[in-house]
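Colleague: Could you have a look at this structure, given as structure tokens, before my questions?
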Amino acid sequence: MTQTNVLEYLEQTVTRVPDKIAFADEETALSFREFLDCCKKVGSRLIQEGAQKEPVIIYMKKSPYTLTAFFGVIYAGCFYVPIDEEMPQRRMELILENTQAKYMICDAGMQEKAAQLHFQGTVLNYESCLEYDIDEKGLQQVRETALDTDPLYVLFTSGSTGVPKGVVGYHRAVIDYIESLSDVLQFDENTIFGNQTPLYLDACMKEVYPTMKYGATTWLIPKELFMQPVELVRFLNKHKINTICWVVSALTMISAFGTFETVTPEYLHTIAFGSEVFPIKQFNLWKKTLPEAEFYNLYGPTEATGMSCYYHAERLFEEKEVIPVGKPFKNTEIILLDKEGKKVEDGQEGEICIRGTCLTHGYYNNPEKTKEVFTQNPLNPNYPERIYHTGDVGRWNEDGELVFVSRQDYQIKHMGHRIELGEIEADVALVDNITSCCCIHIKENNKIVLFYTGNLDKKELTVALKERLPRYMIPNAIVQLERLPLTPNGKMDRLKMQELYLEQKKSRRRREKN
């Protein structure tokens, strides 16, 4: 049967395995029956309030109950907008301004912080929502008018300016994504996920929706464990977690610090990764440690409902190789365009553009930004057809696989040469005793700055790079840190690094004057 509403996943699973654990953390474990009951109560409360096809803010501590709030909002025919205590207050205020939401669901743990946001609408206490009776008639009336093009969520990403943009996802796109992803990664009722990403990011969909589709189980892993690699792997083993879909930085944090010499994941058989290029040295460590496991490189933007491409990484890679991002999921097309909007020749680099039902509706209350990146397909002048411009550069390799090359804004002109900052990073990552690295470009003075972590001082690293890189690619400045700053979705926080570098530069100037 073809799905038209994501709630059908949950409802069909409850009839099969009502008492199986759906979502759990160290404090709470909800069966599918309990999960559905909570969702319906939240939905009934919103219906009673008069909420209709509108955004509802969710401000709760990360737990299985947070997910019931998401799906309670969907039961009411509305769409959820998660905010989180990890976010700066100004960012949350901008989200509230953008959505103009009239309702916020807040748990007891977040009530005090919620009050500081000066929210003008109605704040519903989550715990009190669970005391309401389920309005089956009202829920059914909502479902009868629902369409698969109705919004499901608004998830906020940050542009290069740091101003959040709300991506509007909808039922049909999410259903297509989950069906394709599940087929590729071979999820089933025996899958036990270990969730790493915050619930306000689209990356968590890789665990949440397949859990409901198959009657699988998802463990929400405590955030602090991602600073304690040995304890993190022990957590995976304790709960027999066999499938993870993590950002690359979380995986390299384990492998780069010698964790496998102490403990290895005993149950993992499926490892999907994305968000950044996986350093070959670290990938090979994982592959050698878990030779029987299946590894998948995933690629895709939030604006195209999560991941758009996959590559089954079945072998070890040579130092200078790049792991492809492979081919698009079913019902998705990747087009590589040049600056004139023409399709590039095979093997040539072009901007990665995406076509298909995976495209979200655009940015909430932001038609200008939507028009910038969701455009008419220049290869089709005959009828309206949108494509999404990712801002990423890619090429097709000789095997017809897509290879991610760089962000468009990571390609720079330096000393008369065009340079990919990712090329420098790839070489640095191969140097012994380097655990992680990132290059940024300071446009004001055309300087390349390298940030890194590892047991190697700057002089030793400079000597190593002179042996590996041409002169014009050697960084103008090198900064060693204990940990590289990351964005909430696990990507290198280049804006933060630029701030750190400029602040260090100011400090040096002050010292020199004194």
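Colleague: Which condition number in (1) modelled with pLDDT of 95 or more; (2) closer than 30 Å to Val167 by Cβ; (3) of a type in the set (S, T, N, Q) is the one that Ser275 fails?
Modeller: Every listed condition holds for Ser275 apart from (1).
Colleague: For the range 489-514, what are the residues that are touching a strand residue (DSSP E or B) at 6+ places or on another chain (Cβ under 9 Å) and more than 18 Å from Ile448 (Cβ to Cβ)?
Modeller: Asn489, Gly490, Lys491
Colleague: Okay, moving on. Which members of the range 465-476 meet the condition of being open to solvent by 50 Å² or more (accessible area, probe 1.4 Å), in contact with a strand residue (DSSP E or B) (Cβ under 9 Å, 6 or more places away or on another chain) and in a helix (DSSP H, G or I)?
Modeller: Tyr472
Colleague: For Val449, indicate whether it is part of a strand (DSSP E or B), among the aliphatic types (A, V, I, L, M), on the phi < 0 side of the Ramachandran plot and without any contact (Cβ under 8 Å) to a residue 60 or more places away in the chain.
Modeller: In short, yes.
Colleague: Restricting to the range 85-108, give me the number of residues that are more than 21 Å from Gly50 (Cα to Cα), open to solvent by 50 Å² or more (accessible area, probe 1.4 Å) and assigned to a loop (DSSP other than H, G, I, E, B).
Modeller: Residues flagged as more than 21 Å from Gly50 (Cα to Cα), open to solvent by 50 Å² or more (accessible area, probe 1.4 Å) and assigned to a loop (DSSP other than H, G, I, E, B) within the range 85-108 amount to 3.
Colleague: Now, a different point. Starting from the range 490-514, keep only residues that are free of Cβ contacts under 8 Å to residues at least 24 places away in the same chain and within 26 Å of Ala203 (Cα to Cα), then list their pairs with residues that are open to solvent by 50 Å² or more (accessible area, probe 1.4 Å) and not in a helix (DSSP H, G or I) whose Cβ atoms are within a distance under 6 Å, requiring at least 6 positions of separation or different chains.
Modeller: Pairs found: Asp493/Leu486.
Residues are listed down the side, and each one gets a yes or a no for (1) buried (at least 21 other Cβ atoms within 10 Å of the Cβ); (2) in contact with a Lys or Arg (Cβ under 6 Å, 6 or more places away or on another chain); (3) free of Cβ contacts under 8 Å to residues at least 24 places away in the same chain; (4) not in a strand (DSSP E or B):
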site: Ser44; (1), (2), (3), (4): yes, no, no, yes
site: Ile58; (1), (2), (3), (4): yes, no, no, no
site: Leu67; (1), (2), (3), (4): yes, no, no, yes
site: Gly72; (1), (2), (3), (4): yes, no, no, yes
site: Gly77; (1), (2), (3), (4): yes, yes, no, yes
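Colleague: Residue under question is Leu251, and the condition is that it be buried (at least 16 other Cβ atoms within 10 Å of the Cβ) and touching a strand residue (DSSP E or B) at 6+ places or on another chain (Cβ under 8 Å); does it hold?
Modeller: Criteria met by Leu251.
Colleague: Any residue at all in the range 134-151 that's in contact with a strand residue (DSSP E or B) (Cβ under 9 Å, 6 or more places away or on another chain) and farther than 15 Å from Gly77 by Cα?
Modeller: Checking the range 134-151: not a single residue is in contact with a strand residue (DSSP E or B) (Cβ under 9 Å, 6 or more places away or on another chain) and farther than 15 Å from Gly77 by Cα.
Colleague: Being of a type in the set (Lys, Arg) and farther than 18 Å from Pro198 by Cα is the filter here, so list the residues in the range 84-109 that pass it.
Modeller: Residues satisfying the conditions are Arg90, Lys102.
Colleague: Considering only the range 160-171, I want to know if a residue exists there that is touching a residue at least 60 places away in the same chain (Cβ under 8 Å), under 30 Å from Thr15 (Cβ atoms) and hydrophobic (A, V, I, L, M, F, W, C).
Modeller: No - not one qualifying residue is present in the range 160-171.
Colleague: What do you reckon, is Ser507 open to solvent by 20 Å² or more (accessible area, probe 1.4 Å), within 23 Å of the chain's Cα centre (by Cα) and more than 21 Å from Asp392 (Cα to Cα)?
Modeller: no
Colleague: Among the residues of the range 109-126, what is the count of those that are free of Cβ contacts under 8 Å to residues at least 40 places away in the same chain and either aromatic (Phe, Trp, Tyr) or assigned to a helix (DSSP H, G or I) (or both)?
Modeller: Count: 3.
Colleague: Does Tyr65 satisfy the criteria of being closer than 26 Å to Lys238 by Cβ and touching an Asp or Glu at 6+ places or on another chain (Cβ under 9 Å)?
Modeller: So Tyr65 passes the test.
Colleague: Kindly indicate which of Pro18, Pro82 is more than 19 Å from Leu152 (Cβ to Cβ) and either assigned to a loop (DSSP other than H, G, I, E, B) or in contact with a helix residue (DSSP H, G or I) (Cβ under 8 Å, 6 or more places away or on another chain) (or both).
Modeller: The conditions single out Pro18.
Colleague: So Thr462 fits all but one of (1) open to solvent by less than 80 Å² (accessible area, probe 1.4 Å); (2) touching a residue at least 40 places away in the same chain (Cβ under 8 Å); what number is the exception?
Modeller: It fails just one condition, (2).
Colleague: Consider Met227 carefully, then state whether it is surrounded by fewer than 20 Cβ atoms within 10 Å (Cβ to Cβ), modelled with pLDDT under 95, within 23 Å of Glu86 (Cβ to Cβ) and under 20 Å from the mean Cα position of the chain (by Cα).
Modeller: Yes, satisfied.
Colleague: Do we find that Tyr132 is among the hydroxyl-bearing types (Ser, Thr, Tyr) and open to solvent by less than 60 Å² (accessible area, probe 1.4 Å) in this structure?
Modeller: No, not satisfied.
Colleague: When the residues of the range 244-289 are narrowed to those that are of a type in the set (S, T, N, Q) and in a loop (DSSP other than H, G, I, E, B), which ends up farthest from Glu231 (Cα to Cα)?
Modeller: Per the stated criteria, the residue is Ser275.
Colleague: Which one of these does Val479 not meet: (1) touching a residue at least 40 places away in the same chain (Cβ under 8 Å); (2) open to solvent by less than 40 Å² (accessible area, probe 1.4 Å)?
Modeller: (1)
The values are calculated or read from the model by the stated rules, or taken from the named source; none is laboratory data. Treat the numbers as computed from the prediction; the structure is a model and nothing was measured. Neighbour counts are summed over all protein chains in view; Cβ atoms, including those assigned to glycine, are modelled from backbone coordinates with ideal geometry. Accessible surface is based on the protein model in full, side chains and every heavy atom, while ligands, DNA and RNA are left aside. Shrake-Rupley method; radii C 1.70, N 1.55, O 1.52, S 1.80 Å.
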